[in-house]
Amino acid sequence: MEPETFTEDLADALVRIQRLVRRRLRSGLTGPRLRGAEVELLRLVESRSGVRISDAARALHLAGNSVSTLVNQLVRDGYLIRETDPADRRAARLLLTDAARKRLADWKRRRAELVGRHVALLDESDREALRAALPALRKLAATLHEEAEET
């Protein structure tokens, strides 16, 4: 396989898997659908509770006003709490609500079940190949993240 073909095939496979997982998870929703950027912001706040809006914008590689718009929507929908940062009264810190925690936990559970069902359909050698590829895929994600941080 040519290097250009490999990298194109890898990128296509990753995008296709992500799109199909997202589509399948959307189909089983009982509440209003969250957009990808909203879920990314909620997951960031989950991992960095109290993150400032400006830091969230940098971490997500989005404009500050875009993140502010997402925050306003998620506050209105009951998923985020925006509080004044005690260290800088001009800045806001973001916290998850219980509804957001529940929604993220449900999303993670459903995603794990979905992917697990389909991985179980693969033969053992394919499952082992996926296990073996995980460290390299994590490194790839880390280098892409590092490059994005530099720009």
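The values are calculated or read from the model by the stated rules, or taken from the named source; none is laboratory data. Quantities reported herein were computed from a predicted structural model and do not represent experimental measurements. Heads up, the Cβs are rebuilt from the backbone with ideal geometry, glycines too, and the neighbour counts pull from every protein chain shown.
General remarks:
- Condition broken by Leu95, with the remaining ones in (1) surrounded by fewer than 17 Cβ atoms within 10 Å (Cβ to Cβ); (2) in a helix (DSSP H, G or I); (3) at pLDDT 95 or above satisfied: (2)
- From the list Val45, Val75, the one residue that fits, being touching a Lys or Arg at 6+ places or on another chain (Cβ under 7 Å), at pLDDT 90 or above and in a helix (DSSP H, G or I), is Val75.
- The test for being within 24 Å of Ser49 (Cβ to Cβ), hydrophobic (A, V, I, L, M, F, W, C) and either touching a Cys at 6+ places or on another chain (Cβ under 8 Å) or not in a strand (DSSP E or B) (or both) holds for Leu104.
- Here is the figure for the stretch 110-148: residues that are within 25 Å of Asp55 (Cβ to Cβ) and in contact (Cβ under 8 Å) with a residue 12 or more places away in the chain total 1.
- Residue in the stretch 82-92 that is more than 28 Å from Glu146 (Cβ to Cβ), among the β-branched types (Val, Ile, Thr), modelled with pLDDT under 95 and part of a strand (DSSP E or B) present: yes
- Selection of the stretch 23-42 for residues being surrounded by fewer than 13 Cβ atoms within 10 Å (Cβ to Cβ) and either farther than 16 Å from Leu96 by Cβ or modelled with pLDDT of 90 or more (or both) yields Arg23, Arg26, Ser27, Gly28, Thr30, Pro32, Arg33, Arg35, Gly36.
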